Each structure stands twice: as structure tokens, then as C-alpha cells.
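What follows is a short report on a single structure.
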Amino acid sequence: MRVRGAGNRKPASERSGGDGVRKRGGMGGRKAERGVGRRAVLIGGGAALVGAGVVARDELGRLWWRLPGTEKPRVEGELDHAGAVWTAASGANWRRADRPDDYTIDRVVIHVVQGSYRTALKVFKDPGHGAATHYVVGGDGRVAQMIRELDVAFHAGNRDVNERSIGIEHEGFVDRPEDFTDAMYASSARLTAGICARYGIPVDREHIIGHVEVPGTDHTDPGPHWDWDRYIPMVRQAAARPSPGTTRL
Ligand SMILES: [Zn+2]
């Protein structure tokens, strides 16, 4: 989806936003090259682009209010799941995107931390970790949102799957079934039900998968003790309710 400098042709900037706008000057780059902005292009445009400058100016004026998602204003701390608490992952562990407009979201990937809730939050805030999920669910059912759903989290170890999925970590260890509590299942099921409702994802094992099922992965989570036969019906049940994520247990 990334559109690189496409000369003077107007679709370049209209299609892609942030990155496309950068090189829209076209005529050898010059000012527009580092200008990134509309402003730089406008200033350079008068002299350098001559006739084209007029057109560019008009287009940019219209583009200003319809910039694609990578330029959309975002509110710090804004949540996608009503039951979550926001705590930001390091920006090194995810990529800005505009889902579901640029990538279709049709998978939920279930993970197990191999550690505590606190550990998950800590490593996802670490820029050196290189990975993070959108959500972390604790054994007591609490939910942290660390990355917006419109952005691509690095969690599945597979670019295609990352781009099309929401990742959910669960506190605990794969070889300790007692870590997967009733409160965790219930909370996670509500979260997943809400995600499925937002993007029209079918509630089944084809679309709600374990990390272990991601092509090419060497991860085994959520492991054999994650009770899919219990979880999927719980998601369905939560999905059938009027407002997933906001109703009681
Ligand atoms: Zn995993």
C-alpha cells in the first residue's frame, strides 16, 4: 500500500497519504523531497512547479481535510475496547496503519505470555523487545490495551498475519492450566467478541487462532491447556449480547 514518489501524477498523494505526500513535488525532488508537508510543496510550488503549482495547490487544499489514516489526529489514551485500560507499548513494537481501510482485519491471535501481566506490559514497553500485542488480559480479568486496533502490532512473527490480526496476550504459562482462570476466559471472550463485531469476523477457529497456528511460527502458545472448546462458545455468547465488552459476566 505504500506509494512512493509518483512524479506529478496526482493519485500518488491522494491514494496514500503520509508517505505519498512526501515526494509529490516530483520535479527532481528538490524542496519537496524533505518538505514532507503540504507547506513545503506550496512554497516551492510557486517558482519551481510553475503551472503545475496551481494544480498542486488546489489539490492540496482539498487533501488537507481528507488525509488518510496515517495522518488522522489520534487522541492519546483512546481505547477500542471499553473494558480496557490504556498503557502504551513502545512505538518500536508496532507500525502505524489505518486498518481496516488499508488492511482487512479478519483474525484474532491468542497468545500466552509465559510470564505475568506485569511482565507483558514491561516488555511491550521496551523498544528492544521488537514485539507487542494490542491487548494483555490478566488472570483476574483485567485488560490492558497497548496498541490501537487500527495499527499493526508485531506479535505473530508473520507480516501478513500481523497486518490482518488483533493480538491478545494472556497472563500465565502454557504448562500451567490453572493460570487460565474463569475471569480470564470471560474477559478475553468479551474482548474477542467485540473485535469480531467491529470487523465482521466470524466467531470460529478459522478466524480466532492460536499463535501456534500462525504459518512459520516456532511458538507453541497458547498451548494444549487453552480450552478452545470452552472459549469459542463463550465468545459466541458474548457476541450475541447487545453491546459486547460492556455487559456483565
Ligand atoms: Zn505468542
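The values are calculated or read from the model by the stated rules, or taken from the named source; none is laboratory data. On a predicted model such as this, the values are computed, not experimentally measured, just so you know. Note that each Cβ is placed from the backbone with ideal geometry, even for glycine, and that neighbours are counted across all protein chains shown.
Could you tell me how many of the residues in the stretch 220-233 are surrounded by fewer than 19 Cβ atoms within 10 Å (Cβ to Cβ) and in contact with a helix residue (DSSP H, G or I) (Cβ under 9 Å, 6 or more places away or on another chain)?
7
What single numbered condition from (1) within 16 Å of the ligand (Cβ to nearest atom); (2) surrounded by fewer than 24 Cβ atoms within 10 Å (Cβ to Cβ); (3) closer than 13 Å to Arg107 by Cα fails to hold for Ser165?
Here Ser165 clears every test but (2).
Taking the stretch 216-225, which residues are over 20 Å from the mean Cα position of the chain (by Cα), within 11 Å of the ligand (Cβ to nearest atom) and either of a type outside the set (Asp, Glu) or not assigned by TED's automatic domain parsing to the domain that holds Asn158 (or both)?
Listed by number, the residues that qualify are His219, Thr220, Pro222, Gly223.
Please work out if Glu213 is more than 16 Å from the ligand (Cβ to nearest atom) and either free of Cβ contacts under 8 Å to residues at least 24 places away in the same chain or within 21 Å of Asp101 (Cα to Cα) (or both).
So Glu213 fails the test.
Got a sec? Which strands (runs of 3 or more DSSP E) wholly within the stretch 91-156 have at least 1 residues that are out of contact with any Pro (no Cβ under 8 Å at 6 or more places or on another chain), more than 20 Å from Ile232 (Cα to Cα) and at pLDDT below 95?
none
With Ala144, Ala131, Ala153, Ala89 as the choices, which residue is buried (at least 16 other Cβ atoms within 10 Å of the Cβ), in the same structural domain as Ala193 (by TED's automatic domain parsing) and touching a Lys or Arg at 6+ places or on another chain (Cβ under 7 Å)?
Unique residue meeting the criteria: Ala89.
If we only count helices (runs of 4 or more DSSP H) wholly inside the stretch 159-249, which ones have 1 or more residues that are in contact with a His (Cβ under 8 Å, 6 or more places away or on another chain) and under 21 Å from Asp80 (Cα atoms)?
In the stretch 159-249, the matching helices (runs of 4 or more DSSP H) lie at 159-164, 182-199.
Is it true that Val152 is over 20 Å from Tyr231 (Cα atoms), in contact with a helix residue (DSSP H, G or I) (Cβ under 7 Å, 6 or more places away or on another chain), touching a residue at least 24 places away in the same chain (Cβ under 8 Å) and more than 13 Å from the ligand (Cβ to nearest atom)?
Details: over 20 Å from Tyr231 (Cα atoms): yes; in contact with a helix residue (DSSP H, G or I) (Cβ under 7 Å, 6 or more places away or on another chain): yes; touching a residue at least 24 places away in the same chain (Cβ under 8 Å): yes; more than 13 Å from the ligand (Cβ to nearest atom): yes.
For Val152, the condition - over 20 Å from Tyr231 (Cα atoms), in contact with a helix residue (DSSP H, G or I) (Cβ under 7 Å, 6 or more places away or on another chain), touching a residue at least 24 places away in the same chain (Cβ under 8 Å) and more than 13 Å from the ligand (Cβ to nearest atom) - is met.
The conditions are (1) free of Cβ contacts under 8 Å to residues at least 60 places away in the same chain; (2) within 15 Å of the ligand (Cβ to nearest atom); (3) under 25 Å from Pro215 (Cα atoms), and Ile110 fails exactly one of them. Which is it?
Single failed check for Ile110: (1).
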